[in-house]
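The values are calculated or read from the model by the stated rules, or taken from the named source; none is laboratory data. Note that the coordinates shown come from a computational prediction; the quantities given were computed from them, not determined experimentally. Note that each Cβ is placed from the backbone with ideal geometry, even for glycine, and that neighbours are counted across all protein chains shown.
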Amino acid sequence: MTKQAELKGSSYTLSALHLSNEDIQQATDYLKEKVNQAPNFFAAAPIVIDVSNAGTNIDFKELKNGVTEAGMIPVGVSGCKNALMQQQARDAGFALMNAAKQAQAAKPVVEPTRIIDTPVRSGQQIYAKNCDLVVMSNVSPGAEIIADGCIHVFGALRGRAIAGANGQQQARIFCHNLQPELVSIDGKFWLSDKIPDKHWGKGAVISLAENNLNIEPLAL
């Protein structure tokens with residue numbers, strides 16, 4: 001007998017756009033800028049829009065069209081203040097979403113450090129689950145390296161580096177030549193334009209302090 005489709009609960013990590021006002025064009029222009037800066041990361045990516053700080057006169061149809069025009073996929077809205085806003089969001093084709101309270105996760109099993117001896121090419125993605133990741137060579141533009149722990153790159157980092165992917169705020173990114181498209185720790189990220197000039201192309205350590213990314217020179 002052929003197995004039928006099953007409906008199961010799953011959790012996914014989505015980017016969220018937090019609106020601070022009702023200016024949809026401003027939000028659209030902001031998203032376009034981010035997509036242009038890192039198309040491999042943001043283009044056609046699903047996104048949730050948080051309207052909790054944006055007032056009550058939001059044109060949800062214009063909002064959905066603006067996000068789509070920017071090159072991303074609007075999947076839901078959170079933070080609607082009343083039933084009228086909720087209905088307007090539904091009518092525009094949005095799902096209504098609530099930010100889940102983060103439950104205390106079970107302590108993951110720590111695996112041995114994953115070591116990559118070869119260059120990480122454009123289009124490649126490497127994920128070190130429950131461990132640190134060491135790349136002995138370069139990470140090309142368009143490549144993505146992910147680790148639940150820390151990331152060490154002994155060559156040039158020109159792609160995307162995502163550490164602390166499972167919520168480990170103590171994770172760090174160590175790099176001998178920092179030229180990334182994106183760096184992220186525990187979901188907090190910087191695109192290349194946020195990297196201070198004094199650290200560009202040099203050795204650096206990126207960490208998370210008080211919920212903000214921090215960068216320091218790499219001491220050898």
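Summary table below
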| item | result |
| --- | --- |
| Long-range neighbours under 6 Å by Cβ, at least six apart or interchain, first residue loosely packed, with under 15 Cβ neighbours inside 10 Å within the range 49-62, second part of a loop (DSSP other than H, G, I, E, B) and modelled with pLDDT under 90 | THR56/LYS81 |
| Number of the condition not met by ILE49 [criteria: (1) of a type in the set (A, V, I, L, M, F, W, C); (2) in a helix (DSSP H, G or I); (3) touching a Pro at 6+ places or on another chain (Cβ under 9 Å)] | (2) |
| Qualifying residue in the range 105-118 (condition: surrounded by fewer than 16 Cβ atoms within 10 Å (Cβ to Cβ), in a strand (DSSP E or B) and of a type in the set (Val, Ile, Thr)) | yes |
| Selected residue (only one of ILE215, ILE206, ILE162 is among the β-branched types (Val, Ile, Thr), closer than 22 Å to ALA16 by Cα and not in a loop (DSSP other than H, G, I, E, B)) | ILE162 |
| Identity of the residue in the range 176-220, farther than 19 Å from ALA147 by Cα, among the hydrophobic types (A, V, I, L, M, F, W, C) and more than 18 Å from the chain's Cα centre (by Cα), that ends up modelled with the highest pLDDT | TRP200 |
| Pair list, Cβ under 6 Å, 6 or more apart: the range 192-220 residue closer than 25 Å to GLY167 by Cα, other residue small (Gly, Ala, Ser) | ASN214/SER207; ILE215/ALA204; LEU218/GLY203; LEU218/ALA204 |
| Single unsatisfied condition, THR118 versus (1) at pLDDT 95 or above; (2) outside the structural domain of LYS198 (by TED's automatic domain parsing) | (2) |
| Meets criteria (out of contact with any Phe, Trp or Tyr (no Cβ under 8 Å at 6 or more places or on another chain), within 30 Å of ASN53 (Cα to Cα) and modelled with pLDDT of 95 or more) for ALA163 | yes |
| Any hit, the range 186-196, residues being within 23 Å of LEU14 (Cβ to Cβ) and aliphatic (A, V, I, L, M) | yes |
